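Remarks on the structure that follows.
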Amino acid sequence: MVFSSLIFLYLFLPVCLLCYGLSSSLAWKNTILVIFSLIFYAWGEPIYIFLLLGSVIINYLFGLAMGKCKDQKQEKGAKAFMILALLFNLGLLGIFKYSGFLVENLNLLPFISLPVPSLRLPIGISFYTFQILSYLIDLYWDKVERQRNLGHFLLYISMFPQLVAGPIVRYSTIAAEIGSRKVTMTEFSSGISRFVLGLAKKVILSNHLSVIVADFFGGDLSQLTVLGTWYAVAVYAMQVYFDFSGYSDMAIGMGLMFGFHFDENFRHPFLCKDISEFWQRWHISLGTFFRDYLLYMPIFGKRRKYGGLFLVWFCTGLWHGASWNFILWGLYFGIFIFIEQCIGKKKMRKIPLLFRHLYSKLVILIGFGIFYFESLSKLLIFFRRLIGLDGAALTDQYLLLSIRNHIWLLLAAVICCFPIAEWFKKLGNRSVGSAYVFNALQTVCNVVLLAVSSILLVDATNNPFLYFRF
Amino acid sequence: MLTSSLLGNDHNEIDIRLPDPEAEQAEALRRQCAETAALRNQRRLAATQSRPIKKRAVRKALEERMQAKEALHQKHLPVSEPVIAMETSTIITAPIAPQQDPLLRIREAEELHFLEKQRLAEEQAKRAAAEEAYAKESQSAKGFCRSLQRKAVRQWKKEAAAIEVQKHLPQMERRMAIANVLLCSVLGLGIGTGMLILERPTISETENRTLASMPSFSLSDYWNGSYTAGVSEFYNDTVPFRELFKHLTATFRNYMGWQTGGAIIHGGRPQGDNTASSEVVTTTTAAQTTLSTNPAISITTTTTTTTTPPVVTQPEEHQGELSNNILIHKNRGIMLYGGSYRVGQNYASFLNAYQSELGPSVHIYSMVIPTPCSFYTPEEFQYLIGSEYDNIQNINAHLVDVTPVDAYGALAAHTDEYIYMRTDHHWSALGAFYAAEAFSAAARVPFAKISEYEKVTKPGYVGTLYGYSGDIALKNNPEDFFYYTPKAEYTTTYYNPSLGAKRTAPLLLNLDHLSPVSWYMVYLGGDARVTHVQTAVNNDRTLVIFKDSYGNALVPWLTSSFENIYVVDLRYFTPNAITYIQQVGATDVLFAMNTFSATGGNAKHIETLRIQ
C-alpha cells in the first residue's frame, strides 16, 4: 500500500486514526498502531512480513543480551553480540538486496559462473535494517537504554508512517515517546497540514513532472537536444525531490498525528551553496546515519578524512540501489565533498555566492543524471548529449512545446523548492489578525490540496483500452 | 496663612496675631516665586530626564542653574525656610524681631521682589542658552538620532506585536487547529464514507473497458500478493463518480501549461526508424481487456435470429497497434507516426508470398492507408514524424505482382473535407469513400456514387483520443459522427474468428445504445468477427478483405462492387488464410490497413495467417 493511493487515504488511515483516537490507554494505542502497521506491511508483502517479524525478534534478543553484558560489565561479551548483530542485519540486507548484483559482477570474472539469485527486494528493508542498527549501535555505545518490551521494539521498527520509505528514525529520537506521549490538538492539526502538503508534493508535482522526464529520457536518447537534456535532468531533480520529500512529509505528518516527533529529512536542498551543504539538507536521516555510525567508527582514526569519507560515499551510493550507477553516484558526490574539504570552509566562503550556487547546482544536476540512468551505456549517451557531442542540436520545437505545455507546473515546482511555507508563517505571525488570516489560509489550502490530490488519484488507474486497435 | 508672629509672650497674644497685610503680601509674593521656580525646575528636570538623548551640555547647564538658584535662595531668602517650616509645624526655628519697622519690611519685600525678578530673568536667559545649546547639539545629531529613534520604535513595535501575538498565539493556534482538523476530517471521512456506501461503477465508457472487480479470496492469491493488490485496484479503480473526476483531472491538467492556440503533445515523441537496416519498430502498447461485458453489443444482437448466443469474445492478448504520442492541434488529435522501412519490407514480402501461393487467378491488392498525421500535422512538428508517404512508397517498391492502391493520393486530394474524425484515431466514412473509389478503379469494378447512399449524422461524438490523451480540448469540442447507409440490397452474416457461430445481423449497427466513444463500431459491430456480405451485384467477383479497424469503414462502399465480400480481421482470424481464400472462391484479395499496422506489429499477423 502506498500513501498516495485512495485506499490508504480514505480507508486505511481514517480507520486507523479512529481506532487510535478511541482507544483509552497508551498500551491500547500502541497495540492498535502495531496491528495496523503489520496490516500495512502485510498488504504489500504477505510473505516478507515474517522476515520483518523474525528480524525484530532476533534483534530484540540481541539488544537484551547486549544490555545484560553491559550490566555485568562484560565489554567483550557486548562486543561479541554487537558484531553478531551487525553480521546478521547486514547479512540479511546483503542477501536480499545485493546478492544478485554481486553474483552478476562475479560472473564477469573469468572462470566464474554462478547462478544469479532472483530474490525480490522486501519493501523497506533498507530502512528498517538501518533503524535496527541505530538502536543496537546506540545501545552498544551506551547512548540509549535497552528496550525490554518486545511490543515497544516492534512498534519502533514497524511503525507504518516510516516503515517503507523513511525517514530513518533513530531509536533515540522516539524512545521516550514510545512509552509516554501526548497528542495535542495543535500538533494533530499541523500533522494533517504536513501530511496534505506531502501528498500534494507527490501527486500534483512529482507525478506530473515524471511525465516530462519520461518524455525526454524514456525513449530514444539520440533525439535529445543539448538544452532538452539539461531541462529534463533539472525536471528529474525536482521530481525526485518532491517525490521523496513528499513521502517524508507524509511520514512526519502522520507521526505528529500519532504523537511522535520525527526529525526533518529534507530542508530545501536546492538552496544549498555547496555540496557538503546539499547533503546536510538532502535525506538528512541517511547522511547523519552514515556520519554518526560509519564515519566516526574508531577504526578509521586519523584516516577518517580520506578512507572514511570515500567509504561513506560508496555506501551511500550502494544503499540507494544495487547498481553501478548508484555507486558511481555516491562516489561522485564523495569527490566533490573531498575537494571542498581540501579547500576548507573559510576559503569556500570567500568565493562569490553566485559562483557557489552555479557550481553546486551544476554538480547536483549532473548527479541526478547519474542517478537516473541505470544502464551505463545510456549514461554515456546522456553525458555526450549534455555537452553537445554527436552533433546534438542546441534546442528544438519539442523542448519549447514541452515547456509551454507545462509552464505553470514548472513554475509551481520551482517556487516550491523555496521555503515558502516558512516565509508565510513568519509573515503571518506579525500580528494576531494576520496570524488568523494565514492560519485560515492554510486550512483552505489543505482542503483544496487534499481534494485536488484525491481527484488526481482517481485518474491514477487510468488504463484506457479505448478500442484502440487498427 | 502665616504671620511673623511672636509666641511665648502670653500677655501680648492678641497683638502678636495681628495681621500684617504688607508683610503678608511680601511673603505671598516670595512664596509664589519660590513655588513657581520649584515647579519649573521640577518640570525642567522631568523634561530632561524623560528625554532619551541627554546631552552633557544640557545637563551641565541644568546643574549650573540649580546651583545658582540655591545660592540665590541662601543669599536672599534666609528666612524662607523656617517660615515654610512654621507653616507645616508650629515649631519656631527662627525668631524674628517683634518690632520691625513696617517700611523696612516693605522695602525688604520690594528688594526681594526685585531680586526675584532678576533671578527669574537670569534663569530664563540661562534656560534659553541651555535650550539653544541643546537644540544646537541635537540638530547635529538629529539625522542619526531620528533614524535610531525610528528603528528603535519599529523594533519596539515589532516586539510589542510579537509579545501580543505570543500571548494570543496558543489560543489562536488551538482555535485554528480545531477548524483545520474539523474541516480536513470532515472531508476525509466524508469521502471515505462516500466511497464505501455509494454505488461503484463497473465499466468506463471513455476508456471503453470493464473496471476492476473485487477479487475473490483464496489463500494462494493472498500469499502471492495478488489478492491485496486486487483489492487495492478494485478500490482505486471503481471510485463513485469516476467519469466526473476524470473530467476534472483533464481540466486541471489543461491548466498546467499554456495551450491557447498552440499544440500539445501527450506521451512524448514517436519513435521510428526509416532506414532499411534498422531494428527499431513503432512503439507497441499491449492493452488488455475484454469487451464481452460491454452491454452495447449484447443489445444490438438481441434482434438477431440465431440459435447460438452472440459471440463477441475477444482474444486475451490484444495487440493493438498504437503509439502513445498524440499531438493535439486545433482540437484535433493526431497520432504521431514513426514508421519503419524494415517492417514495411516484411509486409511487402508477406503479401508477395500470398500472391505466389495463390497464383495469378487471384488478384491481390495492398491498400496502406495514411493517418491524419500526414495531412494535419503543423509545419513546426513535421520533424517529429516519420513520412507515411515514404513508407508507403517503400512498401510499394517491394511488392511483386501485388497491385498497390493509392489511398494516400485519394485522401490527399480531399484534405479540406471531413476525411478523418478529429477526436478519434479512425478516419471518417468520407475518407473511406475516396479510398474505396481508388480501390474500385484499381480492381476495375463498378462503384456507386455517394448519392446512392443515405447519410446518417449523430452529434456529440468524442472519440478515443480524449480517453487516451486526457486532453480536455477534445472533450469540450465534440464533433458529428456520420456514416452512410447503402440503398443497395445485401445480407450480412457474421461468424466468430474461427468461423463458427454463424448468424445474420445488419452490416451497420444501431448506435442508439452505444456510448459515443464506441460509435466507430457501427461498421460490422467491431473488429473481430468474420463478416460475409452478399450483395445484389452479379459480376462473379468475390473479395476477401484482410484488414485492421480502418478497413471496416470500406465495406459499405463496396456493396455495389462485388458479389460477395468477406471481411477478416488479420489479428483475430484463426483458420489458415490461403485455405479460406480458396474456400470462398475469392477472385480478389484486399489488404487494407493503416500505416501504423503495415509498418508496425500487426504486419506479422499477415504471415501468421498464411502459415497457421
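The values are calculated or read from the model by the stated rules, or taken from the named source; none is laboratory data. Computed from a prediction, not measured in an experiment: that's the story for all the values here. Ideal geometry is used to build each Cβ from the backbone, glycine not excepted, and the neighbour counts take in all protein chains shown.
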- Task: Given the conditions (1) modelled with pLDDT under 90; (2) not in a helix (DSSP H, G or I); (3) not assigned by TED's automatic domain parsing to the domain that holds A:Asp138, report the number of the one that A:Val211 does not fulfil.
- Result: (2)
- Condition test on A:Ser190, is it crowded, with 19+ Cβ neighbours inside 10 Å, facing chain B (nearest Cβ under 10 Å), touching a residue at least 60 places away in the same chain (Cβ under 8 Å) and more than 30 Å from A:Ile387 (Cβ to Cβ)? yes
- Message: Which residue is farthest from the chain's Cα centre (by Cα), if the candidates are limited to the stretch B:213-251 and must be at the interface with chain A (Cβ under 7 Å from one of its Cβ atoms) and surrounded by fewer than 17 Cβ atoms within 10 Å (Cβ to Cβ)?
- Response: B:Trp223
- Among the residues of the stretch A:186-207, is any at pLDDT below 90 and assigned to a loop (DSSP other than H, G, I, E, B)? no
- Item | Test for B:Asn602: is it within 14 Å of chain A (Cβ to nearest Cβ), in contact with an Asp or Glu (Cβ under 9 Å, 6 or more places away or on another chain) and under 20 Å from B:Ile364 (Cβ atoms) | yes
- Message: Filter the stretch A:151-185 down to the residues that are part of a helix (DSSP H, G or I) and of a type in the set (S, T, N, Q) and list them by number.
- Response: A:Ser158, A:Gln162, A:Ser172, A:Thr173
- Quick one: which of A:Gly77, A:Gly100, A:Gly54 is within 19 Å of A:Leu318 (Cβ to Cβ) and not acidic (Asp, Glu)? A:Gly100
- Would you point out which residue out of B:Gln166, B:Gln155 is under 30 Å from A:Gly21 (Cα atoms), out of contact with any Ser or Thr (no Cβ under 6 Å at 6 or more places or on another chain) and loosely packed, with under 13 Cβ neighbours inside 10 Å? B:Gln166
- Query: Would you call A:Ser37 within 14 Å of chain B (Cβ to nearest Cβ), within 25 Å of the chain's Cα centre (by Cα) and under 16 Å from A:Pro161 (Cβ atoms)?
  - Reply: no
- Note on the structure: Scanning the stretch B:109-148 for residues that are under 60 Å from the mean Cα position of the chain (by Cα) and without any contact (Cβ under 8 Å) to a residue 60 or more places away in the chain gives B:Lys142, B:Gly143, B:Phe144, B:Arg146, B:Ser147, B:Leu148
- Options B:Lys126, B:Lys157, B:Lys142: the member that is closer than 30 Å to A:Glu187 by Cα, among the basic types (Lys, Arg) and more than 8 Å from every other protein chain (Cβ to nearest Cβ): B:Lys157
- Is it true that A:Gly124 is away from chain B (no Cβ under 14 Å), touching a residue at least 12 places away in the same chain (Cβ under 8 Å) and at positive phi? yes
- For the stretch B:411-512, which fully contained helices (runs of 4 or more DSSP H) count at least 3 residues that are in contact (Cβ under 8 Å) with a residue 24 or more places away in the chain and closer than 19 Å to B:Met593 by Cα? B:429-443
- Item | So A:Tyr306, is it loosely packed, with under 15 Cβ neighbours inside 10 Å and either more than 18 Å from the chain's Cα centre (by Cα) or modelled with pLDDT of 85 or more (or both) | yes
- Scan the stretch A:393-419 for residues that are closer than 23 Å to A:Phe382 by Cβ and of a type in the set (Val, Ile, Thr) and jot them down. A:Thr395, A:Ile403, A:Val414
- Message: Here's a check for you: in the stretch B:377-410, which residue that is under 19 Å from B:Ala598 (Cβ atoms) and acidic (Asp, Glu) is surrounded by the most Cβ atoms within 10 Å (Cβ to Cβ)?
- Response: B:Glu388
- Query: Here are some residues: A:Gly388, A:Gly367. Which one is surrounded by 14 or more Cβ atoms within 10 Å (Cβ to Cβ), out of contact with any Pro (no Cβ under 9 Å at 6 or more places or on another chain) and at positive phi?
  - Reply: A:Gly388
